[in-house]
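What follows is a set of notes on a single structure, which appears directly below.
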Amino acid sequence: MKKLLLHLFVAAWLSMLLVAFGAIPSESAEVSRPTTGPVKVYVTIFIIDVDEINSASQNFDANVYIQYRWRDQRLAHKGSKSIVRPLDEIWNPLIQILNQQSIQQTFARRVEVFSDGRVVYRQRAWGTFSQPLQLRDFPFDEQTIRIDLVAAGYSPEDLSLTIDNGSGIAPVLSIPDWSVLDWRTQSGVIETGPENTPVSTASLVVDLKRHPGFFIVKVLLPLVLIVLMSWTVFWINPQNAGPQISISVTAILTLIAFLFSMSSMLPRLPMLTRLDWFVMYSTFLVFFSLIEAVYTIRLANSGDLEKALLADRVARWIFPLLLLAMLIHSFYWMS
């Protein structure tokens with residue numbers, strides 16, 4: 001053990017001597033910034049495609065092309081042709097995608113170095129990016145997704161990011177339930193980390209609008225039909241207690257099963273969306289139709305059939321008006 005420690009000490013001592021005399025290049029010389037002032041890095045962000053926007057998981061899947069361009073005079077060389085070098089062998093700005101969750105990089109980690117010292121790094125990233133969504137107006141909502149790049153480990157005085165030409169999005173995206181309203185680029189300074197350290201940032205922001213057709217056909221229309229089914233008790237003679245109770249209970253059980261199938265559409269939000277208001281009102285209407293059926297059955301069994309029939313006639317008008325008011329509140333008054 002003593003011999004091993006002695007050998008390690010001698011090896012470390014010899015390595016320091018070789019670095020001091022220039023036989024081995026030091027690591028600090030390799031990773032130092034190209035200039036003493038701020039390094040300007042020009043960034044191109046282009047969204048090739050968006051595969052999915054997941055409201056429940058608060059993220060989206062995208063295929064993104066990213067290009068970084070900066071100048072390092074230490075890499076200038078003779079000749080008109082560019083050369084290719086591994087990214088890890090030269091200084092690079094260590095730019096990170098701030099909102100990435102799980103991505104794959106498909107291009108090799110190599111840079112193209114031109115004779116005048118210009119360095120270009122190109123990368124294609126595909127995967128999942130986190131994105132907090134504002135779901136209060138779901139499913140008639142508009143959302144914003146973004147790709148945020150930050151220069152990790154450098155202050156804005158050391159390195160600045162600037163949006164370069166070529167940034168944007170593809171004309172057609174693989175999200176049929178969304179349409180693009182607008183897109184824009186942003187650059188500036190944000191504070192990150194527990195110490196609120198300022199870093200330079202560059203972003204591509206896309207505004208989207210959801211198409212509610214799927215939810216109207218698959219969610220709202222079936223829900224309205226369940227509510228209408230529960231109202232058939234108003235046209236059944238209160239003396240026929242069996243069919244009235246059977247229809248009301250069936251409507252409630254159908255609604256419960258339908259609510260379970262909807263639970264995976266959204267995350268556990270601390271507020272009610274437009275769809276949540278509609279579902280809550282529908283649940284109340286189905287439950288109140290059961291209460292009305294029990295009430296009329298009790299009146300009929302006690303010999304007050306005329307009063308029970310009158311209650312049914314009034315319910316035929318009151319409940320549709322309540323449904324109309326529910327629709328107005330959920331999808332118009334809340335806007």
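The values are calculated or read from the model by the stated rules, or taken from the named source; none is laboratory data. The structure presented is a predicted model; accordingly, all values stated were derived computationally and were not measured. Positions of Cβ are generated from backbone atoms using ideal geometry, with glycine treated the same way; all protein chains shown enter the neighbour counts.
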Considering PHE278, PHE284, PHE234, PHE258, which residue is over 20 Å from LEU322 (Cα atoms) and either surrounded by 13 or more Cβ atoms within 10 Å (Cβ to Cβ) or not acidic (Asp, Glu) (or both)? PHE258
Tally of residues being among the β-branched types (Val, Ile, Thr) and surrounded by 17 or more Cβ atoms within 10 Å (Cβ to Cβ) across segment 118-132: 2
Take segment 75-84 and flag every residue that is at pLDDT 90 or above and surrounded by 12 or more Cβ atoms within 10 Å (Cβ to Cβ). LEU75, ALA76, SER82, ILE83
Got a sec? Which of TRP231, TRP235, TRP178 is aromatic (Phe, Trp, Tyr) and touching a strand residue (DSSP E or B) at 6+ places or on another chain (Cβ under 8 Å)? TRP178
Picking from VAL189, VAL205, which residue would you name as being surrounded by 13 or more Cβ atoms within 10 Å (Cβ to Cβ), within 26 Å of GLY37 (Cβ to Cβ) and out of contact with any Leu (no Cβ under 8 Å at 6 or more places or on another chain)? VAL189
Which is surrounded by 17 or more Cβ atoms within 10 Å (Cβ to Cβ) and either free of Cβ contacts under 8 Å to residues at least 24 places away in the same chain or under 22 Å from LYS40 (Cα atoms) (or both), of LEU87, LEU135, LEU149? LEU149
Can you confirm whether segment 202-222 contains a residue that is more than 30 Å from THR273 (Cα to Cα), assigned to a loop (DSSP other than H, G, I, E, B) and not assigned by TED's automatic domain parsing to the domain that holds PRO320? no
Determine whether VAL172 is aliphatic (A, V, I, L, M), assigned to a loop (DSSP other than H, G, I, E, B) and either over 30 Å from LEU94 (Cβ atoms) or not assigned by TED's automatic domain parsing to the domain that holds PHE138 (or both). yes
Out of ALA29, ALA62, sole residue that is modelled with pLDDT under 95 and either of a type in the set (A, V, I, L, M, F, W, C) or in a helix (DSSP H, G or I) (or both): ALA29
What pairs come out if I take residues in segment 225-246 that are in contact (Cβ under 8 Å) with a residue 40 or more places away in the chain and pair them with residues that are among the charged types (D, E, K, R) and exposed (fewer than 15 other Cβ atoms within 10 Å of the Cβ) whose C-beta lies under 7 Å away, six or more apart or interchain? PHE234/ARG316
